[in-house]
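Working notes, structure below.
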Amino acid sequence: MAVLLRLSRQMVDTDNDSFPISRRTLLKAGVLGAGALLFARWIYPSTSQPEATPEGVATLDGNAQAIIASVASVLLKGALPVGAEAAAARGEVVAGVDKAIGGLPPSLRKEIDQLFWLLAFPPTRSLIAGVWSPWPQATEASVERCLDAWRDSRFTLLRSAYGALHQLVMASWYGNPRSWSAVGYPGPPVIAS
């Protein structure tokens, strides 16, 4: 306690040479540092340009589309077509997820929007997901580590987020006629009239 009192007296006593930084200098440094960070963010252009908006996407913004495309590439590894058709298939998954989210109640849509916002914001994306690069540049390994960690997390919230992303992506892909032939599903039965 005596040490804290002595330190507080030194901070208040500006005549003491053992503590050369004044409050004014500290405040100036803080304001200049904040200004430098704002300036750096302003001049640093976003390097992650999401793919073109797939046809039929109305609910998801560009960041959410990039997140879904990255997650779908990992969750559907081996199920998605490769080569030239891969981007179109990911676009169909994004459109399917968008359609599914559009049909949810407003309270659930708000929660999913919050999840996408957290995953799009670089500091929380890095801390919560462990993905340091923007989603379009994220490696499959880093996205897979994130999803594995969320699936096996001791926190219910992260497991719920994984479950939501998993169900949305799987439902949108396997509800797509493009995937039916690969799993041997002939399609819905035709009702004869």
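The values are calculated or read from the model by the stated rules, or taken from the named source; none is laboratory data. Nothing here was measured: the structure is a model prediction, and the numbers come from that model. Neighbour counts run over all protein chains shown; Cβ positions are idealised from the backbone, glycine included.
The conditions of being closer than 30 Å to residue 188 by Cβ and of a type in the set (Val, Ile, Thr) are met by residue 94. Determine whether segment 182-189 contains at least one residue that is touching a residue at least 24 places away in the same chain (Cβ under 8 Å) and β-branched (Val, Ile, Thr). No, segment 182-189 contains no residue that is touching a residue at least 24 places away in the same chain (Cβ under 8 Å) and β-branched (Val, Ile, Thr). Only one of the listed residues (71, 3) is assigned to a helix (DSSP H, G or I), at pLDDT below 80 and of a type in the set (Val, Ile, Thr). That residue is 3. Number of residues in segment 82-125 that are in contact (Cβ under 8 Å) with a residue 40 or more places away in the chain and assigned to a loop (DSSP other than H, G, I, E, B) equals 0. No other residue among 35, 78, 56, 130 is at pLDDT below 85, surrounded by fewer than 20 Cβ atoms within 10 Å (Cβ to Cβ) and at positive phi apart from 56.
Hey, could you check segment 133-169 for residues that are β-branched (Val, Ile, Thr) and surrounded by 18 or more Cβ atoms within 10 Å (Cβ to Cβ) and say which is farthest from residue 69 (Cα to Cα)? Among them, the one singled out is 143. Just to be sure before I move on: is residue 105 surrounded by fewer than 13 Cβ atoms within 10 Å (Cβ to Cβ) and under 17 Å from the mean Cα position of the chain (by Cα) in the structure I sent? No; evaluated as a whole, the condition is false for this residue. Please work out which residue is nearest to residue 93 (Cα to Cα), limiting yourself to segment 163-193 and to residues that are hydroxyl-bearing (Ser, Thr, Tyr) and part of a helix (DSSP H, G or I). That would be 172. Confirm whether residue 125 is among the charged types (D, E, K, R) and at pLDDT 90 or above. Criteria not met by residue 125.
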